[in-house]
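Enquirer: For reference, the structure I am asking about is given below.
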Amino acid sequence: MNTINSPIALINNDYKLEFANPSFCEFTNCTAESLIGKPISEVNPNLWSHAIGNKFEACLKGHPVDPEPYSVSQGSFSLNFTPHIDEKNEICAVFITVNLSESIDKAKNTDFYQEESFIQQINALPDSFLILQDGRIKLVNDMLCQISGYSKKELLNQDFTKFTAPEVFEKLQSFHKNRAQGLDAPLRYESIALSKSGKRIPVETTIVPTIFQMKPAWQVVLRDITDYKTTLNQLRESEEKYRFIAETTLDGIFIHDNGVVIECNQAMLNITGYTKEEIIGVNLLDVVLSKNESKSIQAQLTKKHAKPYIVNVKKKDGSLFKAEVEGQMTQYKGKKVRLASFKDVTERFKAEQDLQKFKTIADKSLYGNVIANLDGSMIYVNEYFAKKHGYSRDELIGKKLTIFHTSEQNKILIEAIPDLIKNGHIENIETTNVHKNGMEFPMQMSVTCINDENEHPAFIGVSAFDLSDRKKSEAAIRLSEEKFRELYDQSPVAIQYYGKDGELLDVNKKTLQLFGIKSQDAIAPFNMWDSEHFTEKNKQELKSGKTITISSTLDFDVIKKHNYFKTSKKGLHYIELQIAPLLIQHKAMSYLVYMTDVTERKNAEENFAKEKELLNAIIDNIPVLLTRYDPSSNVQFLNKEFEKKVGWKTAELQTIDLLNKVYPDPDYREKALAYMQKATSEWKEFRITSKFGHHIDSEWCNIKLDGGVQIGIGIDITDRKKAENQLRHHQELLNEMGRIAMVGAWEFDPATGKGFWTDEVARIHDLDPTETTSMELGLTFYKPESRVKIEMAIQAAIDSGTPYDLKLELISKKGIHKWVRTIGHPTKQNGKVVKIQGSFQDITEMKKAEEELQKNRNKLAEINENLENRVKERTAKLEQKNKELEQFSYIASHDLQEPLRTISNYIQVVHEDFEDTLSEEVLVYLQAISKSTERMRALIFALMNFSRLGHNRSLTEVNSEKIVTEVIEDLQQLIQSKKAKIEVGRLPRIYAYETELRQVFQNLISNALKFQKANHTCDIQINYLELENHHQFSVSDNGIGIASKDIDRIFHIFQKLHLSQTYEGHGIGLAYCKKIIELHDGDIWAESEKGKGSTFYFTLSKSQSYNSTIKLAPIDHH
């Protein structure tokens, strides 16, 4: 810039305008919008020629350019060329300044650097400014004097190298020499200036060619970057600390772009087994992470911050392990990437800090310039200042400076104006400026009072630059330190920091927790080299700069016993230590010790081994079919249950294709393979063929593991399928029975009134079975009286859980009158009725039958009454006949016995008196007559007893077990002779005719002893079974048995199945038993098979007996 109001344009290396000030717009009669992007040759032909183009190119290359005079019809002017340097320290464009209303000679003889306005402007700069010509200082501003401590007089015409540090002297001389020879030299660089007091001041130097006093010169701006260097050093130190933590931590940390690794730490390489060259640029989804989990991992990659999640990580050697991963989106070198860590779930800000250190620092060499009237209205604003505040330059001209500040800030600045006018300037004040959008940002300003030719204050000059970047850097340093400390203290790993000689310097919070102490003082002083964890070899390795890992133990009981330090911990703890030396110039100057308590892991490993053993035992013994397949669906393992049920063994898998064996049908096998390849973990039924050739219905679930391996879990459901088929058949049968019997079922929820009924209930109501139902709908069909009954019953069921059984009338949807029977059973949970279920039956026909039956009953009652009268008459006659019969029986038996006694007596007399004279043959005849007479007498006695049965009708309570015991004792001689074994079960107390019941047991047991095979052990069992209305007794034997055709005959009187010579008897005993049982309202029958023994059953009515039984041990009689 030559003068404040000169036309100025910025032209890029494509010869197009990027900027034009209002004066240039006025000069060219164009608007700024029409000029931007337009080639300079099209703007004004007078402003461009071949000579001007050459000077433009020379300026772009950094060479000094003389002013170019021109004469045109409008007058004479000259052009000045000033290079514009971008952020990359390169000349990217050229400022062209048009000097108007000057003759060519005047343009050559006029030096704008001597103009008062320019001097005031450079003195207002916050940076040092100087002009160099032939290596000597020709012009300086006040700021250079201020930071260097020299006066202007002491600086002018001095060799500029006198004021630079010795170590940069040669470099600057080389730059100066190259510029003088027209060679390339940097236009912006850092160097070190020396103040008058000898203070070393780091500066950023920006140097551009110019013309001074009509001779080539260099315009130099020096910016004090002491604060910037301090900030940078702090950032570098913070970065080194963070990188050191990242490189020595046990957790893997890496930066990736959609899975492609950009950067990683050593721990990640140690964990995965790869080298850095092998993993950088590689997509982890293809190499390190399991492909089976790619979808889930891709889902995590879409999240801005992925919370910790578990994945399977594959090492270089192919082995897998589970890792906890946490990731988040961040910026790295201007690009969005993801920062992720293995296992560590604490917040990591490595990516932010890495990106922060590489982030471009704001362009410090640019500054804003403003000239304003004394009332604060702006008359000039440069592009930097306007853009920083979000305005165009045209918008700000005429506006007050107060628009850039808050009311409070303006008050402070207004109060400073008297000092400004009095002292001439205010330097380096920090203000809070307001952007056009309302946002506030910090700036550093220097304000100068510009006087007119009469030395009276005329204008206010403002020079400012944005402090936002510096403030952010300062905040970043603080944040970095805070985060580093937070990372250190919140680390899940115990960290101790030791000095060069092994002395303990610092510990984090996790160390205090691990040692069970409250502060570091509890274990100080402590020297690392005194620890029993380290061998001499370890110490040498550490001192040589090598990182080592050690597994050891801490016995807190021993620590307490020897009073090493006070701790709240106890017992033996397993620990792992990683010791990393901190190297300075390849020498270990301090040490970081990462200590992890792995006791739980050790215990877990031991438990895992036990659980593995248990799992193997379970796999071998669980009643489930287990198989394992490789990724190609080849069977690798069968458990014992599979081997037992299906037949094939694991050892046979090398020689057979098992799937072909269990699925012999190719189409069916394809379906099974398709299911296995999907591995949806859903259960599916398959029928497999065993080695033995039979089919097994089974249900399978295939679980896919890492690497494509599958576990097949099968359940033998053959029995269940049979049961399901039976159940289905029974259900169909029940439904059909319900339809035939017109019986249905229903259920409803008292809380909602909603429910369902079966198709038969819907048909009874003449409704479509598909219609929805409810309690309210069901009640609408009942007749009023019946509805009252059912509503009361339902309410009682809901309130108190009372079941009901009602016969009600309803009118169906078709208007048909029906009688129904409904039964309801409430179901309670926690004392509350939650549902009511029941049955529903159409009893219309039953009601009609009952009405018809009632009519028939009335008729029958009338008939019965007549019949009873007739029965009474017949009974009286029968009783008379019975008395006569009894009298006849007595007379007959008496008369029959009298001749028998006479015969018997005569035979006895003949035998006694004539025994010696009678022949042997006559004696045999007499003996036969005597035996026949005895049999006749016994038969008459049996007939008399048979006729008397039932005369004594007095029932008494008897102990049936006692009766049987007494009968067995009476028959003891016979029992011993037969070598019989009698077992008696538990028998009850009952009401019965005691004498008659004894006769029944005596006859049945005698028969069991009598009808036995020769030379055969006799076994007899006497048992009891309680029925609903009767007592049932049984007597079983292992004798000769009875043919099935003869079983019905044995209870008839005088029926004998065997000759008297073989088995004695009269054929009356069983008939006798039958009549006794009938007197007890019971029944008697036999079950037998020829040659296999017999069982005789008889029942006695329980109408007058006790239901209790005497619990006695069975009696075994021999």
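Enquirer: If the reach is capped at under 21 angstrom between alpha carbons, list the lysines near Lys500, excluding any in the same chain fewer than eight residues apart.
Expert: Qualifying lysines at Cα under 21 Å: Lys241, Lys537, Lys539, Lys543, Lys546, Lys587.
Enquirer: Tell me, what ³J(HN,Hα) does each residue in segment 384-396 have, in order and in whole Hz, if you take phi through Karplus 6.51 cos²θ - 1.76 cosθ + 1.60 with θ = phi - 60° and put x for Gly and Pro?
Expert: These are the phi-based 3J(HN,Hα) values: 4, 5, 5, 5, 4, 9, x, 10, 8, 5, 4, 5, 8 Hz.
Enquirer: Contour minus end-to-end for Ser1006 and Phe565, with contour as 0.36 nm per residue of separation and end-to-end as the Cα-Cα distance? Please list the in-between numbers first.
Expert: On the way: separation 441, 0.36 × 441 = 158.76 nm, distance 9.82 nm.
Contour length minus the Cα-Cα distance gives 148.9 nm.
Enquirer: A further question follows. With +1 on each Lys and Arg Cβ and -1 on each Asp and Glu Cβ, and nothing else charged, work out how big the dipole of segment 379-473 is about its Cα centre, in Debye to the nearest 20. Let's see the in-between values first.
Expert: On the way: 11 positive and 14 negative charges, 87 e Å.
Charge dipole of segment 379-473: 420 debye, to the nearest 20.
Enquirer: Oh, and also: Neighbour counts of other C-beta atoms within 10 Å: give me Ser473, Ser919 arranged from fewest to most. Mind dumping the intermediate values first?
Expert: Numbers: Ser473 22, Ser919 8.
Least crowded to most crowded, the residues run Ser919, Ser473.
Enquirer: So, one more: Hey, for a label at Glu776 modelled as a point 7 Å past Cα toward Cβ, could you say which residues of segment 804-845 have their backbone N under 19 Å away?
Expert: Those under the cut-off are 836.
Enquirer: Here is a follow-up. Can you list residues from other chains, or at least 5 along the same chain, whose modelled amide H is less than 5 Å from the amide H of Asp1083?
Expert: Here Thr1099 satisfy the definition.
Enquirer: For segment 320-331, take each phi angle, set θ = phi - 60°, evaluate the Karplus expression 6.51 cos²θ - 1.76 cosθ + 1.60, and give the result in whole Hz per residue in order, putting x for glycine and proline.
Expert: Coupling constants for segment 320-331: 10, 8, 8, 9, 8, 10, 10, x, 7, 6, 7, 10 Hz.
Enquirer: For Arg179, Arg687, what ranking results if the residue with the fewest other Cβ atoms within 10 Å of its Cβ goes first?
Expert: With the fewest neighbours first, Arg179, Arg687 line up as Arg687, Arg179.
Enquirer: Need the C-alpha centroid separation for segment 492-507 versus segment 156-181, integer Å.
Expert: 49
Enquirer: Report the full-extension gain for the segment Lys828 to Glu1089: residue separation times 0.36 nm, less the Cα-Cα distance, to one decimal in nm.
Expert: 88.5 nm
Enquirer: For segment 997-1034 and segment 583-635, what is the centre-to-centre distance using only Cα atoms, to the nearest Å?
Expert: So the separation of the two Cα centres works out to 73 Å.
Enquirer: Still on this structure: List the extent of the Cα atoms of segment 131-176 along each of their three principal axes, largest first, rounded to whole Å.
Expert: 28, 20, 14
Enquirer: Quick check on the exposure proxy: order Met528, Met595, Met792 from fewest to most C-beta atoms within 10 angstrom.
Expert: Numbers: Met528 19, Met595 23, Met792 12.
Ordered from fewest to most neighbouring Cβ atoms within 10 Å, Met528, Met595, Met792 come out as Met792, Met528, Met595.
Enquirer: Distance in nm between label sites at Asp452 and Gln158, each 7 Å beyond Cα in the beta-carbon direction?
Expert: Taking the simple label geometry, Asp452 and Gln158 are separated by 3.8 nm.
Enquirer: Would you calculate the separation in nanometres between label points at Arg720 and Lys539, each defined as 7 Å from the Cα along the Cα-to-beta-carbon direction?
Expert: 6.9
Enquirer: Counting only residues 5 or more places away or on other chains, whose amide H sits under 5 Å from the amide H of Lys1102 once H atoms are built in the peptide plane?
Expert: Counting only residues 5 or more places away or on other chains, the set is His1030, His1031.
Enquirer: Sorted by average packing, counted as other Cβ atoms within 10 angstrom per residue and highest first, what order do 151-163, 753-765, 385-397 take? Show your work: numbers first, answer last.
Expert: Numbers: 151-163: 14.1, 753-765: 19.2, 385-397: 17.5.
In decreasing order of mean packing, 151-163, 753-765, 385-397 become 753-765, 385-397, 151-163.
Enquirer: Round to the nearest 0.05 the FRET efficiency obtained for Leu505 and Asn603 when R0 = 25 Å and r is the Cβ-Cβ distance.
Expert: 0.15
Enquirer: Straight-line reach only, C-alpha to C-alpha below 12 angstrom: list the aspartates and glutamates that Lys978 could link to, leaving out same-chain residues fewer than 8 apart.
Expert: Excluding near neighbours in sequence, the set is Asp1019.
Enquirer: Under a crude label model (7 Å from the Cα following the beta-carbon direction), how far is Asn858 from Glu873 in nanometres?
Expert: 2.7
Enquirer: Oh, and also: Full-extension gain between Ser407 and Lys387, please, as 0.36 nm times their residue separation minus the C-alpha to C-alpha distance.
Expert: Roughly 5.0 nm would be gained on extension.
Enquirer: Quick one: what are the phi-derived ³J(HN,Hα) couplings along segment 547-553, Karplus 6.51/-1.76/1.60 with θ = phi - 60°, whole Hz, x for glycine and proline?
Expert: 7, 10, 10, 10, 9, 8, 9
A short reminder: the numbers here are calculations on the coordinates, not readings from a lab. Please read all numbers here as calculations on a predicted model, not as lab measurements. Don't worry about glycine lacking a Cβ; one is built from the backbone with ideal geometry, like all the others, and counts go over all protein chains shown.
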